[in-house]
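Values in this text are rule-based calculations from the coordinates and carry no lab data. Computed from a prediction, not measured in an experiment: that's the story for all the values here. Every residue, glycine as well, gets a Cβ built from its backbone with ideal geometry; the counts of neighbours run over all protein chains shown.
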Amino acid sequence: MVIKRVLAALHAMLTGEDVPITSLGDLVMFSQTFVDRCHHGKEEMCLFPCLEQRGIPREGGPIGVMLMEHEMGRRLVRAIEDAVRRHEAGEASRDEVFARVREYVDLLEGHILKEEEVLFRMADHVMARDDVQQTVACYERTEEERAGTGTHERMIAVAERMERDATGA
């Protein structure tokens, strides 16, 4: 999963001494485009409505938690973007910038764990074969509509660039 690759790169950046702050511009773009528009967008437009139709409530359950974390992620990405901009203007320290990145990494790692261990397992139990086919078709339409043609490939290239920035290779 490309998001996990970016998280690994971010871990390396967080422990590195000479990673330029400007390389975090890729994180902001990747997060806004791939994580939010593609990944979260597909969940919000396709998977969650299907799960609700199959009896999993939006409020007070895993869907509500996922939606809350999607919003938290959006706020953290805006905070990273702001911290980078303020750092470039001499108004924020490197530590402040990387503190926001750490928060975002922690949020995404926990979010992915909840998806894999709770949400997707519940989906496997309640979704019929037709639901799966319709959800996959919805995923394809949604990614195309929200992000455009070739976005997935461009985001893989961004992830690779972040991996290189993180390792200095």
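Quick notes
- Candidates per GluC sites (Glu not before Pro) in region 1-48, loop by DSSP, up to 15 other Cβ within 10 Å: GLU17
- Distance-filtered residues of region 3-26 - backbone nitrogen under 19 Å, label point 7 angstrom along GLU96 Cα→Cβ: 20-25
- FRET efficiency, 1/(1 + (r/R0)^6) with R0 25 Å, evaluated for ASP82 and MET1 via beta carbons: 0.35
- Note on the chain: Cα Rg divided by 2.2 N^0.38 Å, N the number of residues, gives 1.11.
- Across every pair of non-identical alpha carbons in region 1-50, the mean reciprocal distance, once inverted, gives a Kirkwood radius of 12.2 Å.
- The chain, helix-only ellipticity at 222 nm - DSSP H runs n ≥ 4, -39,500 (n - 2.57), divided by all residues, nearest 500: -23000 deg cm²/dmol
- q = 0.24 Å⁻¹: log10 I(q)/I(0) that the Debye formula gives for region 23-109, counting C-alpha atoms only: -1.11
- Ranking PHE48, ALA9, SER93 by how far each Cα lies toward the positive end of the dipole of the chain (charges on Cβ) leaves PHE48 at the top.
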